[in-house]
Structure formats: C-alpha cells, structure tokens
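The values are calculated or read from the model by the stated rules, or taken from the named source; none is laboratory data. Being a predicted model, the structure only gives us computed values, none of them experimental. Virtual Cβ from ideal backbone geometry, glycine too; neighbours counted across all protein chains shown. Areas reflect the complete protein model, heavy atoms only, side chains present, ligands, DNA and RNA absent. Shrake-Rupley method; radii C 1.70, N 1.55, O 1.52, S 1.80 Å.
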Amino acid sequence: MSPNDATKEAEQIFERFPDFIREFIYRHSWESLRGVQIAAARTLFDSDHHLLLTSSTASGKTEAVFFPILADLWENPPKGIGALYIAPLKSLINDQFGRMEELLDESGIPVTHWHGDVAASHKRKLLENPRGILQITPESLESMLINRSNDIVRLFSDLRYIVVDEIHTLTGSDRGNQIICQITRLCRLIGHEVRRIGLSATVGDAGLAARWLAGGSNIEVDVPVFAEGKNRWRLGMEHFYIQDLKRDQTEKARKVAPEALPDGTSNVNHSATLDAGYEYMYDCVKDRKSLVFSNSREETEYLTATLRQIAANRGEPDIFMIHHGNLSAAIREEAEAKMKDEDSMAVTCATVTMELGIDIGRLERVLQSESPHSVSSFLQRLGRSGRRGQPPEMMMVFREEDPLPNTPLPQLMPWELLRAIAIVQLYIEERFIEPPNIRQMPMSLLFHQTLSMLASSGELTPKMLAERILSLPPFLAVSREDYRELIISMVEQEYLEMTEEKGLIVGLRGERLIKSFKFYAVFKDSEDYTVRCGSDEIGTITTPPPVGDRFALAGRVWEVEELDIPHKLIYVKGVLGKMEVSWPGDFGEIHTRIQERMRRVLEEDTVYPYLKENARQRLENARHVARNTGMLQHSLVHLGGFSWCLFPWLGTRSFRTCRKFLKHHARQLGISSIEFEGCNYMTLKLDTTDGATWLGRLADLVREKGIDCDALMESGEVPVFEKYDDCIPPALLRRAYATDRLRADELTDRVFAWESEMNQES
C-alpha cells in the first residue's frame, strides 16, 4: 500500500469513529492513527473475522481494538452485555481501562469489573441491568457458568466481542485452555459464535496462536502485519564473581555502564562491602524508578533484603518494594501504587507477576538478575520500561562462584550469561520468539471441566457428557477410551455418581470440591500458611517454622510468636537481618533454539556491544576453555577415567527425554550414574573410555528400538504437576506426561548427529 493510500485509509477509519472518540484523539494530540489502530479497525469494521493483534508493549493495542468496539456498541446498542474482556490478573482488569476512563465516561457505555475483590453490590447492578463491557477473570467466568447458568442467555444473548488479553501467557496452559472451554460453552448456550480478539506483545508462532484462539469456531483469524517503527534498546550485561572483593572487580562496580546505558551518569563513590554484584545492582537503580526482575521468589526475597541492607549501610533511604505471588494483596498493591506515582522514585523487586501489561507509567530502567528463561520473557520485561517516548532500557547482572582449580569442566561455563546472550541474539538476528506449546492431554483440566459441565447442566448420560466435553477444543486429541477410563475412576472415587437411570451427576466428593471458591481456578491453590504481623497480612509460606524460629518474607525477617495450625495462621514480629527462603516450583522451559545458539556464542568470535568489561572478559575465558577442551567439537567429552560429560544442546523437553532414555537403557549402554544441571549438560559414568564406540552403541539402540516416549515412563511413576493430577488414574498421567512433556524427534536427530560427528573425527 502506498503512503497516500495508507493516509487515505486512516482518514476513512477516523471518520467512522463517533464524535466522542475523535474528540478523544484530538485532545491527546495524536497526529495520525498508528498502524496497530488501522489494522485492528480494518478487521473489526470490514470483516466478521476473529483478530489476533500482536504489537510491542505500550503500543496502544487496547485502544486499537476498543475504538471500533465502542463505535459499534454506541451506534447499535446491544440487548445485554456487548463485549467481554478476559484477563489473567485482577490487577490487569483494575488497571487496563484507566487510560480510557475519560473516553468511556463520554460514551455512556458502562464497564463492569467482575472478580473476587469486587463488591457484590457492583455485580448485582450488572445482573439487574446487563449492559456495556464486562471485564472478568477466568475464575469468575467459571463461577458464572456454574452458578448462574440460568442467567447466561439473558446476560449474553447479544454478546458480540470477546477480548482475551496477554494470550502469550495462556496458550498451552491449563488456564488458557480453560478460557477456550468457557468461550465455547458460552457460545453454545447463547446460540451464536462471538468474535474473538487476542492481544499480546510477544507471540512466537502467530499461526499456532491464531488456531488456539479460534478453537472450535471455524472462523478465520486475521493476524495483521504493520510497521511499528525501528526498535531501539539500551541494553547492558555485566558479570561478577560472588564474594570477590578484589580491587579490579569492585572498581568496575562503581561505574554504572555509561557505554551500554548511555545516560552519562556515574556518581557512585562506594567500594563493595557486601557483594560486588549486588552493590552494582543497587547503583544501577538507586536514582531511577526501576523494576528488578528475578527468576524465582527466593531470589526476589533475598535481593530485596540485600538492597535494603546496602541502603542502610550507606545511610540512604529505603525505596525498595517487593511484588510476587506469595505476598498479601495489600503489599502488592502498595508496590503497584508506588510505581504508578509519577513523583515516586520507588524500586520494585518482582517475579513474573510484574511482567504483564499493568501501566506503571514512567519507568526508567529494568534490571534483570541472571538470565530470563525465554525470549518472550526477555521482551516482556524489557518492554516494561521505555514508555512515554523513551527507548526501553535493561541491565542484566550475573553472579557466580569463582571457579577453583579443580572445578569440573561443565561448571566452568557461565551458563546464565551464555543463555542471556543467546536470547538477545536470537531476537536481534531472527526476531525469534518461542512458539506456544499446545498440550494434547490436559488431564487435570479435563477432570475440572467434567465436574463444571455436570454442575451447570445437571444429569447427563455418559455418551452426552463425552460428546459435550470431548468436542471442546482443548480435548480434541483425547481418545474416548482415555476419557472412559477417567470417568470410571471419577465414579469409583465418588467425584461422580451414576444414577438409577444410568446418568451421571456430581458425586459427594465432587460437590465438596465445587462448593469451594478455590474450584474455579485450574491452577494449584496454595495450601500455604498465612503470615500476620499484628493486624497486617504479610503473605504466605509453605511450611510453618517452630515458635521462636525466623524466616524471610516480603524482603524482611520475621520471628514466629504463635502458630495456629488448624487455621493455617502464623503470627510474627519483625526483626533485623537477612535470610534465605525457599518455595517449591517449576522454573520454566527453555527452547532448543536457545541452547543451540548458546553453543554458537562459544564458537564465534563476535564481540557483543552490550557486554561490559567483566562480562566480556568472562565470555572470552569461557570461549578459551570451550575450544581447548574440545566440547565444541565433541558433544561427549572425557573427564578422566570412566567419567564423561554430555553436552546435548537441547531444550528442556528433549533434554528430559534424553535423560529418561539413557536411564531406561542404562544397563545396555553401560551407564552406572547420571547427574545433570538444568538442561545444559549431564555427567555420566560409563563402562568404557572409548567415547566413539559408546556413541555408536547409542545410535544403534535408537535405530533398533526408536525412542518411544510412552515406554520411557516407569510403571510406578505418578507425575503430578497440575491441580487435579492426584485425582487422575496414574496410567493416564503417564500417557499425558509422555505426550506433553517429552519429545523424541529432536533427540533422535541429535543422537545420529553425535554418531556422525565422531565418525568424521575418526
């Protein structure tokens, strides 16, 4: 399309907006409609297609889709709720329309929030007079489908749009699949398909995401491509050895990356007294409104406490907040409010809970401790800064133990630094973002939706139940035999009951589940203990310490004064100090492309411009070790005696499959022990000192038997991960694990590549 044609189309779209939208645009001094707004309007005005709108953070996606939606609802008012907005976080719902509040007021189109924190009186107004836009969480929508099934048609009979926000966090997850089930069930109840709109800043495979969004509707999905302008980043990476207070390292810690983050400031006059890496991180953020991301709640807690400790040592104000899922709503909301306050210089240490698109205004810098696990996460975190016309700015800091002379080869590699470089380079070079992992056997969700369907519809024959459930898009790959096995198990465990008429209803144990508000969520509910200091709720921890013991939470240390075990309450008082804390949890999957790019980082001689002095030196040392030890020429490296190290360069699923395959065939392959670190390497004790022969045996075994993921599951394994997995027959869990958490194709190709690698060498 020529520039003149594009300008003409933008003018035509602008003229189709009602006066109140055009006046809103004038008041905000927008000189023209953005590409994202033109693309969204083109689909929503001129077609009946679904829409997947992917655009960078803070690009105006919400306005882009709601301008045409509001135009439609204003010109042709619906008989009931006209648009449904589904978001994964309450905070997103509370925040999302803040920028458009003025516009919505002028339109006269009401917006209703609906989640667990919203007053019943607010919800009652909508039930009595359903109008406008409803913003809701998946959990509240589930509750509505179960408890207000008789109201669904009255409320949504003229529903026209369903907007699903942050879909990159939902595709392939139980929570996302729950939303697709809910949309399908809702459309069946009201008797017509509703247009679906998915929003995201980071979608790896738009085709897969579009098919997921359209699941079960047979309506085309538009995925417009439009110019967004050139990306500009301020990015830096620095590396430190832990507890190394040598002058050469602490001197570097005094300079806050003026080359990598070109703001020219360097007013730090402190030597490192605690930890050079943490002191450097403190100096990076102390004079800027910043978010500090970590990959775990443990690191977030420890980092917050350390930054506060540095502030106290320097006699500087404590500006550090904390935000993660185990903290009370009050503490999280305080952090959000401080970040939105234009006059505040707050710094918030956070996990993924601050990764999504809550508008926190003028954020100057993002600091990342260690590497994100994915390109998608990196882009989401980077995009939290740089709003209001400034380029995004991120500093990554890496800390590791200083290797000893006898440190084994694989532990000489700075794996976190290598992964961060690989993530950045994959996006710079290829715009690569991980595709969604679409699960084929979501058994926990299948259990949940079976109970939900029967609770909302009443008695169904087994055949009718199977037809309704297995036709929901997330369950299309589940066989009738597997579903029959699940239903029989649910009846035997009294989650379901068979009536005299051979129909199925919710059983006694099922009723107990459904009566709890926790049932509406498909993610695991926390069985944690609530921590209280006086009348203040601090958050939750997994295991209650004895009276008199101390633990860390919310970046502070607490001493237990009283335990109320029956009510899962811990009463505490605050004390000075700093401690570590731990929670169980999954740390996310790493894609094979990232692992392969990490190997290339070691192979190439590129000097990446975002690496600062320590990080450049650390990478140079790692490349020297990698080349001298042969780990780049040989994936299997001899460590001495019968000890070997295998560098598969595979992502989490394929690495996991490799580990299980080697364990399953350990006797045939002469393996006496397997140890591993993430998905970077595994160390093996073999019955040979001839690596080429062993790789040949491995390749012959794969040629002869193949890699059967089902066969790799041990008969006694019960892989429980999701909320209702412990209600599922173990045999079904094993099949689901083999289908959705293992991957044979990449491993098969890699094994033959290892064999070829050795043959070429010999």
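Annotations for the structure displayed:
- Qualifying position, being open to solvent by less than 70 Å² (accessible area, probe 1.4 Å) and either in contact with a Phe, Trp or Tyr (Cβ under 7 Å, 6 or more places away or on another chain) or part of a strand (DSSP E or B) (or both), among Ile538, Ile514, Ile487: Ile538
- Picking from residues in region 423-462 that are among the β-branched types (Val, Ile, Thr) and open to solvent by 30 Å² or more (accessible area, probe 1.4 Å), the one that is modelled with the highest pLDDT is Thr461.
- Members of region 28-59 that are more than 25 Å from Asn218 (Cα to Cα), free of Cβ contacts under 8 Å to residues at least 60 places away in the same chain and open to solvent by 10 Å² or more (accessible area, probe 1.4 Å): His28, Ser29, Trp30, Glu31, Ser32, Leu33, Arg34
- Within the option set Leu465, Leu418, being in a helix (DSSP H, G or I) and crowded, with 23+ Cβ neighbours inside 10 Å holds for one residue only, Leu418.
- Against the criterion of being part of a helix (DSSP H, G or I) and either over 19 Å from Phe551 (Cα atoms) or at pLDDT 95 or above (or both), Glu333 qualifies.
- Residue count for region 388-412 satisfying the condition of being touching a residue at least 40 places away in the same chain (Cβ under 8 Å), in a loop (DSSP other than H, G, I, E, B) and under 24 Å from Met281 (Cα atoms): 4.
- From the list Leu698, Leu669, Leu662, the lone residue that is modelled with pLDDT of 95 or more and in contact with a Lys or Arg (Cβ under 8 Å, 6 or more places away or on another chain) is Leu669.
- Close pairs (7 angstrom Cβ cut-off, 6 or more residues apart or separate chains): among the basic types (Lys, Arg) in region 341-363, at pLDDT 75 or above and surrounded by fewer than 18 Cβ atoms within 10 Å (Cβ to Cβ) anywhere: Arg362/Glu342
- Residue pairs whose Cβ atoms lie under 8 Å apart, separated by 6 or more positions or on different chains, with the first residue in region 501-521 and on the phi < 0 side of the Ramachandran plot and basic (Lys, Arg) and the second modelled with pLDDT of 95 or more and surrounded by fewer than 19 Cβ atoms within 10 Å (Cβ to Cβ), are Arg509/Gln493; Arg509/Glu494.
- Restricting Thr652, Thr683 to those that are crowded, with 16+ Cβ neighbours inside 10 Å, of a type in the set (Val, Ile, Thr) and touching a strand residue (DSSP E or B) at 6+ places or on another chain (Cβ under 7 Å) reduces the list to Thr683.
- Number of positions in region 276-299 that are outside any helix (DSSP H, G or I) and open to solvent by less than 10 Å² (accessible area, probe 1.4 Å): 6
- Listed here are the helices (runs of 4 or more DSSP H) enclosed by region 97-201 that have at least 3 residues being touching a residue at least 60 places away in the same chain (Cβ under 8 Å) and within 20 Å of Leu446 (Cα to Cα): 138-147, 174-190.
Conditions tested, residue by residue: (1) closer than 22 Å to Arg667 by Cα; (2) assigned to a helix (DSSP H, G or I); (3) among the acidic types (Asp, Glu); (4) modelled with pLDDT of 95 or more.
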position: Val702; (1), (2), (3), (4): yes, yes, no, yes
position: Leu732; (1), (2), (3), (4): no, yes, no, yes
position: Thr739; (1), (2), (3), (4): no, yes, no, yes
position: Leu742; (1), (2), (3), (4): yes, no, no, yes
position: Asp749; (1), (2), (3), (4): no, yes, yes, yes
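- Residue within region 63-76 that is free of Cβ contacts under 8 Å to residues at least 12 places away in the same chain, part of a loop (DSSP other than H, G, I, E, B) and open to solvent by 10 Å² or more (accessible area, probe 1.4 Å) present: yes
- Single unsatisfied condition, Asp710 versus (1) touching a residue at least 40 places away in the same chain (Cβ under 8 Å); (2) acidic (Asp, Glu); (3) open to solvent by 80 Å² or more (accessible area, probe 1.4 Å): (1)
- Close pairs from region 626-637: first within 12 Å of Pro410 (Cα to Cα) and charged (D, E, K, R), partner open to solvent by 20 Å² or more (accessible area, probe 1.4 Å) and part of a helix (DSSP H, G or I), Cβ under 9 Å, at least 6 apart: none
- Among residues of region 300-339, those that are surrounded by 17 or more Cβ atoms within 10 Å (Cβ to Cβ) and closer than 22 Å to Leu89 by Cβ, counted: 17
- Screening Gly588 on (1) in a helix (DSSP H, G or I); (2) within 18 Å of Arg419 (Cβ to Cβ); (3) open to solvent by 20 Å² or more (accessible area, probe 1.4 Å) shows it passes everything except condition (1).
- Thr306 vs. criteria free of Cβ contacts under 8 Å to residues at least 60 places away in the same chain and either within 16 Å of Ala552 (Cβ to Cβ) or outside any helix (DSSP H, G or I) (or both): no
- Unique residue being open to solvent by 60 Å² or more (accessible area, probe 1.4 Å), modelled with pLDDT under 90 and more than 28 Å from the chain's Cα centre (by Cα) when the list is Glu757, Glu761: Glu761
- Within region 124-142, the residues that satisfy the criterion of being over 14 Å from Ile86 (Cα atoms) and open to solvent by less than 40 Å² (accessible area, probe 1.4 Å) are Leu126, Leu127, Pro130, Gly132.
- Hits in region 546-564 (condition: farther than 19 Å from Ser328 by Cα and not charged (D, E, K, R)): Pro546, Val547, Gly548
- Scanning region 655-677 for residues that are open to solvent by 10 Å² or more (accessible area, probe 1.4 Å) and either within 21 Å of Ala422 (Cβ to Cβ) or assigned to a strand (DSSP E or B) (or both) gives Arg656, Ile671, Ser672, Ser673, Ile674, Glu675, Phe676, Glu677.
- Across region 375-384, a minimum of one residue is classified as surrounded by 16 or more Cβ atoms within 10 Å (Cβ to Cβ) and either more than 23 Å from Gly236 (Cα to Cα) or charged (D, E, K, R) (or both).
- Complete set of residues in region 603-631 that are within 28 Å of the chain's Cα centre (by Cα) and surrounded by fewer than 21 Cβ atoms within 10 Å (Cβ to Cβ): Tyr608
- Given (1) open to solvent by 10 Å² or more (accessible area, probe 1.4 Å); (2) part of a strand (DSSP E or B), index of the condition Cys645 fails: (1)
- If you filter region 714-728 down to residues that are of a type outside the set (Gly, Ala, Ser) and open to solvent by 20 Å² or more (accessible area, probe 1.4 Å), you find that the one that is farthest from Glu494 (Cα to Cα) is Glu714.
- So Tyr571, is it open to solvent by 40 Å² or more (accessible area, probe 1.4 Å) and either among the hydroxyl-bearing types (Ser, Thr, Tyr) or within 26 Å of Gly696 (Cα to Cα) (or both): yes
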